[in-house]
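Enquirer: Sharing a structure, written as structure tokens. Questions coming.
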Amino acid sequence: MGIYTDLAREAREINPDILGVTEQEEQIGDVNISRIEVQSQQASDELQKPCGRYITIEAPTLSNRDTQVFKQVGELISKEFMSLLPNQGQNISVLVVGLGNRGITADALGPRVVEKIFVTRHITEHLPDIIGKPMRAVAAVAPGVLGTTGVETLEMLRGLVERVKPDAVVAVDALASRRAARISTAIQLTDTGIHPGSGVGNSRMGLTKESLGVPVVAIGVPTVVYASTISQDTIQLIAQEAGMNEEAEKMLNLADQVISEHYGPMIVTPKDIDTVINDMAGIIADGINIGLHREYYSQVEELLA
């Protein structure tokens, strides 16, 4: 049975014995940080993840909407995000790209993040000394989706990158998980770029260093899960509790057949997805803003208020 996930951590959980992958885990309070590096092409092919680094920050208590946890996770995102940038000098410029469809809440994470980014490129060009120290130039754009613009995201961004000439692109998008518990409680960061629409099985041309000519750091949060994966997890739990492990495979195949025939590739999202997207957009934007403007964060915040 096929199990789809955008998270490298979950792909590794499904295939724990694949060679050519290094793993490291760190526990900070209630937050778990998983760092996975796919090092070989064979491992990349088997995991269906490009070679590169994948960092997953998991904080189950995010669902409690505790503002202290929000701040803690935002700070962790800022550090991990900066570690993926190839150049961390004060004179670097960054283009933040919010991928997704504003009109579909579960897919609106990217555009919502862009709304909260500290945009400073125009200030660095016209008022470079306004805060008394060098400021990183940050531009941001939410290019929309092919169905509403008629233009591939990659085509649009190639023109922007050629004109703006950023040192790096940061792409933010909604992802798909194989576990409902990870919706809104996990954040993945990677230096491998991203394929817009992959989370809902509608993958477009990839935004990568090869396609854009500059490094691409991708940040994503699972906002949807396939109904088939929920049925698989449920059946496996029932089989374990009832001591029916020998029958589990037969039941899994039957569930897969029933869902395929009657429901198709149904995608599920929580009923409170509006709150989830708003919270996670704020956390990710804070992480990016703190990472890029840490030394003068309060000045920039006041300047752009």
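Enquirer: Within straight cross-link reach of residue 133, meaning Cα distance under 17 Å, which aspartates and glutamates are found once same-chain residues fewer than 8 apart are removed?
Expert: Straight-line reach from residue 133, under 17 Å: 125, 295, 301, 302.
Enquirer: In what sequence, highest mean first, do 113-126, 87-100 appear when ranked by Cβ atoms within 10 angstrom?
Expert: Order by mean packing, descending: 87-100, 113-126.
Enquirer: Next question. What span do the alpha-carbon atoms of the chain cover on each of the three principal axes, reported in whole Å from largest to smallest?
Expert: Principal axes ranked by extent give 70, 44, 39 Å for the Cα atoms.
Enquirer: Additional query: Roughly what would the spin-label model give for residue 25 and residue 88, points 7 Å off Cα along C-beta, in nm?
Expert: It is 2.6 nm.
Enquirer: Under the rule a/c < 1.5 gives rounded, and otherwise a/b versus b/c splits prolate from oblate, where does the stretch 207-252 land using the Cα gyration tensor?
Expert: prolate
Enquirer: Could you put 136, 53 in order of accessible surface area, largest first, with the 1.4 Å probe and the full protein assembly present?
Expert: So, going from the largest accessible area down, we get 53, 136.
Enquirer: Can you work out D for the stretch 33-129 in µm² s⁻¹ from Stokes-Einstein, where Rh is the Kirkwood radius over C-alpha pairs, the temperature is 25 °C and the viscosity is 0.890 mPa s?
Expert: Using the Kirkwood radius from Cα pairs, D works out to 147 µm²/s.
Enquirer: Let me ask something additional. Pick out, from 18, 277, 262, the residue whose Cα sits farthest towards the positive end of the charge dipole of the chain, with +1 on the Cβ of Lys and Arg and -1 on the Cβ of Asp and Glu.
Expert: Of the options given, the answer is 277.
Enquirer: Among 90, 38, 70, whose Cα lies farthest out toward the positive end of the dipole of the stretch 23-119, if unit charges sit on the beta carbon of Lys, Arg (+1) and Asp, Glu (-1)?
Expert: Of the options given, the answer is 90.
Enquirer: Still on this structure, I have one more. Would you be so kind as to identify which of 187, 169, 114 lies farthest towards the positive end of the dipole of the stretch 86-220, taking Lys and Arg as +1 and Asp and Glu as -1 on Cβ and the Cα centre as origin?
Expert: 187
Enquirer: Take the Cα coordinates of the stretch 156-305, assign each an equal point scatterer, and use the Debye formula without solvent to give log10 I(q)/I(0) at q = 0.12, 0.18, 0.20 Å⁻¹.
Expert: -0.69, -1.14, -1.25
Enquirer: Given that compact globular proteins tend to follow 2.2 N^0.38 Å, what is the ratio of the alpha-carbon Rg of the stretch 61-115 to that value?
Expert: 1.41
Enquirer: Using the Cα centre as the reference, give the magnitude of the dipole from point charges on the C-beta atoms of the stretch 201-279 (Lys, Arg: +1; Asp, Glu: -1; all else neutral), rounded to the nearest 20 debye.
Expert: Here the size comes out at about 420 debye.
Enquirer: Taking the Cα centre of the stretch 78-206 as origin, work out the dipole magnitude from +1 charges on Lys and Arg Cβ and -1 charges on Asp and Glu Cβ, in debye rounded to 20.
Expert: 320
Enquirer: With the contact rule set at Cα under 8 Å and sequence spacing of 6 or more, what percent relative contact order holds for the stretch 1-141?
Expert: Relative CO of the stretch 1-141 lands at 16 percent.
Enquirer: Report Rg(Cα)/(2.2 N^0.38 Å) for the stretch 79-174, keeping two decimals.
Expert: 1.15
Enquirer: Using θ = phi - 60° and the Karplus relation 6.51 cos²θ - 1.76 cosθ + 1.60, list the HN-Hα couplings for the stretch 208-222 in order, rounded to whole Hz, with x at every Gly or Pro.
Expert: 9, 4, 5, 7, 10, x, 9, x, 10, 9, 10, 10, x, 10, x
Enquirer: Next question. How big is the stretch 238-278 by the Kirkwood estimate over distinct Cα pairs, in Å?
Expert: 12.7
Enquirer: Taking the Cα centre as origin and putting +1 on Lys and Arg beta-carbons and -1 on Asp and Glu beta-carbons, what dipole magnitude results for the chain, to the nearest 20 debye?
Expert: Roughly 920 debye, rounded to the nearest 20.
Enquirer: Could you please report the charge total around residue 41, scoring K, R as +1 and D, E as -1 over all other residues with beta-carbon less than 15 angstrom from its beta-carbon?
Expert: In short, -3.
Enquirer: Could I have the simple spin-label model distance between residue 244 and residue 45, label points 7 Å from Cα toward Cβ, reported in nm to one decimal?
Expert: It is 3.9 nm.
Enquirer: Could you name the lysines in cross-link range of residue 209, using Cα to Cα under 18 Å and dropping any fewer than eight places away on the same chain?
Expert: Filter leaves 49, 165.
Enquirer: Per the 1.4 Å probe, what fraction of the accessible area of the chain, in percent, lies on carbon and sulfur atoms?
Expert: Whole-percent figure for carbon plus sulfur exposure: 50.
Enquirer: Using the heavy atoms of the protein chains and a 1.4 angstrom probe, tell me the accessible area per residue for the chain in square angstrom.
Expert: 48
Enquirer: Still on this structure: Would you work out the relative contact order for the chain, in percent, from Cα pairs under 8 angstrom that are 6 or more residues apart?
Expert: Dividing the mean separation by the residue count of the chain yields 22 percent.
Enquirer: Once you wrap a convex hull around the alpha carbon atoms of the stretch 86-234, what is its projected area averaged over all directions, in nm²?
Expert: Approximately 9.8 nm², given one-decimal rounding.
The values are calculated or read from the model by the stated rules, or taken from the named source; none is laboratory data. Note that this is a predicted model, so its numbers are computed, not measured. Reconstructed Cβ throughout: ideal geometry from the backbone, glycine too, with neighbour counts over all protein chains shown. Surface accessibility is based on the protein's heavy atoms, side chains included, excluding ligands, DNA and RNA. Shrake-Rupley method; radii C 1.70, N 1.55, O 1.52, S 1.80 Å.
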